[in-house]
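Only one structure is covered here, and it is reproduced in the block below.
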Amino acid sequence: MTEAPRKRRVIPYTQELGEEICQRIANGASGVTICQDPDMPDWPTIARWVRQRKDFGKLYREARELQAEYWADEMLPIADDRANDYMDLQKGKGPPIRVFDREHFERSRLRVQSRQWMVSRLLRPIYGDRLGIAGPTGEGPVQVKTETRNQLIDSIVALVTPKPDGQTKPSKPGDER
């Protein structure tokens, strides 16, 4: 049996509604969860408001940054919570045996890893992977002049090119090839 299609909820934008949506996002709620509330618009409506309404778009982006900070703050308590890491297993008529609950442990790990991934994407400048090397001012990558770059490449090629004796390293400092 297939599910009947949902009726599209037509909810007009108001500043109060926009602020409530953004407040819930800033407090860690996902857009999907918010849209499940019958008093809230569906996801395409919220996405359209973000694109078309500059005031809501700005508020929404700020809420997403705060949401990522919220998720970052949640990670340590999740990782530190050992409350359900062990469970009592009853075998026969004897006393219960305390055993490690791998499922709970893996769920906690997944919760932390999911938040790490989301935070690293939403707040890339703060929590994202650093792929480049910052220049002397701390902004942008190191800039190397073409001449210097070509000299470095020539030096590297000279180091890895085999000498007539089959060795790649110079025999002594200043050894010419």
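Checking D101, D37 one by one, the residue that is acidic (D, E) and closer than 23 Å to V10 by Cα is D37 and no other.
Restricting attention to the stretch 85-130, report how many residues are farther than 22 Å from A68 by Cα, outside any helix (DSSP H, G or I) and out of contact with any strand residue (DSSP E or B) (no Cβ under 7 Å at 6 or more places or on another chain). Adding up the residues that qualify gives 5. Whenever a residue of the stretch 1-22 is within 12 Å of I46 (Cα to Cα), it has no partner that is surrounded by 10 or more Cβ atoms within 10 Å (Cβ to Cβ) and modelled with pLDDT under 60 lying with C-beta atoms less than 6 angstrom away and at least six residues away or across chains.
For the stretch 36-45, indicate whether the set of residues that are out of contact with any Lys or Arg (no Cβ under 9 Å at 6 or more places or on another chain), part of a helix (DSSP H, G or I) and buried (at least 17 other Cβ atoms within 10 Å of the Cβ) is non-empty. No, every residue in the stretch 36-45 fails to be out of contact with any Lys or Arg (no Cβ under 9 Å at 6 or more places or on another chain), part of a helix (DSSP H, G or I) and buried (at least 17 other Cβ atoms within 10 Å of the Cβ). Close Cβ contacts (under 9 Å, 6 or more residues apart or on different chains) running from residues in the stretch 98-122 that are surrounded by 11 or more Cβ atoms within 10 Å (Cβ to Cβ) to residues that are among the polar types (S, T, N, Q) comprise D101/N84; H104/N84; F105/N84; S108/N84; M118/Q67; L122/Q67. Filtered by the rule that a residue be of a type in the set (A, V, I, L, M) and within 13 Å of the chain's Cα centre (by Cα), the stretch 70-109 gives A72, M75.
Take R64 and decide whether it is without any contact (Cβ under 8 Å) to a residue 40 or more places away in the chain and part of a helix (DSSP H, G or I). In short, no.
Restricting attention to the stretch 75-104, the residues being under 30 Å from S120 (Cβ atoms) and hydrophobic (A, V, I, L, M, F, W, C) number 6.
The values are calculated or read from the model by the stated rules, or taken from the named source; none is laboratory data. These figures come from a predicted structure and were not determined experimentally. Positions of Cβ are backbone-derived with ideal geometry, glycine not excepted, and every protein chain shown enters the neighbour counts.
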